[in-house]
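A.B. asks: Structure below; questions to follow.
Any read-out appearing in this document is the output of simple, stated calculations on the displayed coordinates, not a laboratory observation. Remember, predicted model here, so these are calculated numbers, not experimental data. Backbone-built Cβ (ideal geometry, glycine too); neighbour counts: all protein chains shown.
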Amino acid sequence: MLYEWHEMQRAWLNPISRWAQASAQFYSHPVSPFAYMPVSKRLAASFELLHRLGKDYEKPAWEIESVNIDGKEITVRIETEVDKPFCKLTHFKRDLPASRNASDPRVLVFAPLSGHHATLLRDTVRTLLQHHDVWITEWLDARLVPLSAGTFSLDDYIDYAREFIRHLGPNVHLISVCQPTVPVLAAVSLMASAEEKASPKSMTMMGGPIDTRRGQTEVNALALRKSLSWFENNVIYSVPSQYPGYLRKVYPGFLQHAGFIAMNPNRHAQSHYDYYLNLIKGDEEDVESHRKFYDEYNAVLDLPAEYYLQTIKTVFQEHALPRGIWNVRGDLVRPHDIKHTALMTVEGELDDISGPGQTQAAHQLCTGIAKSRQFDFIVPKAGHYGIFSGRRWREVVYPKVKNFITSFN
């Protein structure tokens, strides 16, 4: 019933949010005489904040129409290359000569399937496009996938990863951000064990829960405090009838979002208050920065229940990967079988989602990779999002990732 109550609340808040948006315009638009009242700025700011707190946040657009390459603006077309029931493999096709696209490293970015849309990695993709031919996984909102498409588990995620890697061939470099570091490492391990020729040239793993026994965070602690049955009974719900995925069991995005907010409630409250003050001051740059961040942060998707529960059990409770006991469809995941794929790990010094040391654990597992082909980078003063988005990503992290990929292209 919780999902239905949430939908009722959305339906109730929607007209209020629209009224607040119209009221904000009423007290701020230059042609409105009420915009010149002594308290008009405060009223407009209050209504604008109410609008944003109550509005629906849909999946944002990529907003990558071009990229600056060698001082020129190059057109980028976004195309679906592989269309699976739960994921699209998306190609950012640059309008460059075929020879240049062929010579630039081919990069497959695995976006997280952990509540947000792949557009959260917009800055990651835009920066990579300067020197790489880029693909990304765009995971679908489970509430939009009909029951007829079947279930989707962590094992299915690994199957998808292997299929996408094979599709792009043996010259591909992988970048996995946060959650996918675990299934991507499993996929590459299984491909190495099978001696597949399509195994990637390199894999860059950023802020992921390879071994959650290290660098404990509140995310890890919650998974250990509660039993798997608790998660199944308290956070799994059926999709309501108004969506294509009617009756599919999911971990709803709105619950995930509530968890995100609960981790840092004071920070979010202060951010919204600062937004209100900036609206009054007319600080358009900070206002727009707030809008862009929360347009992305508040846009969430539902996760398939099978995938979510298997991830909780395998990654956070059993620690199956670092303990060497993880079987995927009868095959043991053996990271030490990886020999020809170079490895780089990236962690944020202040990461409170995937704590320091969790991603580094990949080096202790991938003992078959020569030390000369292993690199580790801890980003000073960076939190979770800072390692793949923002100034630190562009100026500190990206140059090292670029050099790593180039070295093994």
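A.B. asks: Compute the distance in nm between two label points, each set 7 Å from the Cα along the Cα-to-Cβ direction, one at A35 and one at I325.
C.D. replies: It works out to 6.6 nm between the two label points.
A.B. asks: With a ≥ b ≥ c the root eigenvalues of the C-alpha gyration tensor of segment 86-149, is it rounded (a/c under 1.5), prolate (a/b larger than b/c) or oblate?
C.D. replies: Judged from the Cα gyration tensor, segment 86-149 comes out prolate (a/c at least 1.5, a/b above b/c).
A.B. asks: Further question: Taking every DSSP beta bridge that has both residues in the chain, what percent is antiparallel when rounded to the nearest 5?
C.D. replies: Just about 50 percent of them are antiparallel.
A.B. asks: Could you calculate the contour length gain from E218 to H272, that is, 0.36 nm times the residue separation minus the distance between their Cα atoms, to one decimal place in nm?
C.D. replies: So the chain would gain 17.1 nm between E218 and H272.
A.B. asks: Kindly write out, for segment 226-233 in residue order, the coupling ³J(HN,Hα) from the Karplus curve 6.51 cos²θ - 1.76 cosθ + 1.60 (θ = phi - 60°), rounded to whole Hz, with x marking Gly and Pro.
C.D. replies: Working through the residues one at a time gives 9, 7, 4, 5, 4, 4, 5, 8 Hz.
A.B. asks: Assuming a ≥ b ≥ c are the square roots of the Cα gyration tensor eigenvalues, decide whether segment 340-409 counts as rounded (a/c under 1.5), prolate (otherwise, with a/b larger than b/c) or oblate.
C.D. replies: Because a/c hits 1.5 or more and a/b fails to exceed b/c, segment 340-409 counts as oblate.
A.B. asks: Another question, then. When the label point is put 7 Å from the Cα of N409 along its Cα-to-beta-carbon vector, which residues of segment 68-84 have a backbone N closer than 17 Å?
C.D. replies: So the set is 68-72.
A.B. asks: I've got another one for you. Please identify the helices of the chain, taking whole runs of DSSP H, that span at least 30 Å along their own axis as judged from the Cα atoms and have a mean Kyte-Doolittle score of -1.0 or higher.
C.D. replies: 2-26
A.B. asks: Work out the FRET efficiency for L13 and T151 from their Cβ-Cβ distance, taking R0 = 25 Å, and round it to the nearest 0.05.
C.D. replies: 0.20
A.B. asks: Give, in nm to one decimal, the length gained when the segment between I378 and S99 is fully stretched (0.36 nm per residue of separation minus the Cα-Cα distance).
C.D. replies: 96.9 nm
A.B. asks: Would you pull out the residues with amide H under 5 Å of S66's amide H, same chain only if 5 or more places away, H placed 1.01 Å from N?
C.D. replies: V76
A.B. asks: Another one. Using Cα pairs closer than 8 Å and at least 6 residues apart in sequence, work out the relative contact order for segment 50-112, in percent.
C.D. replies: 19
A.B. asks: In which sequence would F254, F86 go, from the one with the fewest C-beta neighbours within 10 Å to the one with the most?
C.D. replies: Fewest-to-most Cβ neighbours within 10 Å comes out as F254, F86.
A.B. asks: Once you order the gyration tensor axes a ≥ b ≥ c over the Cα atoms, which shape class does segment 1-133 get: rounded for a/c under 1.5, otherwise prolate or oblate by comparing a/b with b/c?
C.D. replies: Cα axes put segment 1-133 in the oblate bin.
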